[in-house]
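One structure is given below, encoded as structure tokens.
The values are calculated or read from the model by the stated rules, or taken from the named source; none is laboratory data. Since the model is a prediction, treat every value here as computed from it, not as a measurement. Every residue, glycine among them, receives a Cβ derived from its backbone with ideal geometry; neighbour counts consider all protein chains shown. Note: accessible area is taken over every heavy atom of the protein model, side chains too, but ligands, DNA and RNA are not part of it. Shrake-Rupley method; radii C 1.70, N 1.55, O 1.52, S 1.80 Å.
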Amino acid sequence: MAPSRTGYATLKTVMICFNAVVFAVGCTMVGLGLWIKLGSASFVRVLGASSMYFAHVGYFCIVVGSMVVVLGFMGCWGAVRENRCLLLTYFLIILVIFIAEITAAVVVFAFTSFARSIVLDKSLAALKKKYSGYKHDDIVSYGWNALMLKLNCCGVQNYTDFAGSAFQIRTNLTYPKSCCKDPTSSACDGRNVSSVVINQEGCFRKLVSLIKEKSLLLGGAATGAALLELAAMMVSLMLYVKLG
């Protein structure tokens, strides 16, 4: 039986509109992934070997966002061309992606505390073993100096993290100039630990706050994509049935 003209036209229009939005959300996810991969590189450097986890988040957003962009285009094209095979393929692919996203969200939620402890340990180890000092251009020192100056923080948890570090052994100083509120001040001598002279708060807490702030945007985009995917699956299935 041919689909009713009104019902078919409505579903077709809804399908195209939904997938146009899905396409836009996919572009947003790709943009966020590029920001994580490229824009936050100076923050990633301070984490040493654990930096791969943040790089993977950026790659994940880029890959998933690209897939959402392709699927958004596929949904629009399937509706315009009235292709049942394309619509069914679209439905099945989005269903698999939707299930994968839910699974990934559950896993991330379950292991957040565990991952946080790993990153904390790796960051502290990188600081103690590889940090050389203020204005040094090696990758770890440059990253830590940029982070401490940018976020007005000192060390991983506080300035005591430099105790027993390669930096302290080499310079016999308690902290580097990048911990100071004013690195050019004469009071910033590497030994004066007054709160007037150095930043007392560690960088890990501030970095986590920054990541959480960006995660709200990322989470909002991911949630919006999931809801749109669910709606698109329902509409594509109904359109597939009506075209039968």
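Numbers below:
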| quantity | calculated |
| --- | --- |
| Odd one out for Ser236 among (1) of a type in the set (S, T, N, Q); (2) open to solvent by 20 Å² or more (accessible area, probe 1.4 Å); (3) over 22 Å from the mean Cα position of the chain (by Cα) | (2) |
| Some residue of segment 9-16 being open to solvent by 60 Å² or more (accessible area, probe 1.4 Å), among the hydrophobic types (A, V, I, L, M, F, W, C) and either at pLDDT below 80 or assigned to a helix (DSSP H, G or I) (or both) | no |
| Selection from segment 190-210 of residues that are open to solvent by 60 Å² or more (accessible area, probe 1.4 Å), aliphatic (A, V, I, L, M) and closer than 19 Å to Asp121 by Cα | none |
| In segment 174-196, residue farthest from the chain's Cα centre (by Cα) [restricted to those that are more than 18 Å from Ala163 (Cα to Cα) and not hydroxyl-bearing (Ser, Thr, Tyr)] | Ala187 |
| Any hit, segment 37-58, residues being at pLDDT 80 or above and more than 16 Å from Glu229 (Cβ to Cβ) | no |
| Flag for Ser178 being assigned to a helix (DSSP H, G or I), open to solvent by less than 40 Å² (accessible area, probe 1.4 Å) and without any contact (Cβ under 8 Å) to a residue 60 or more places away in the chain | yes |
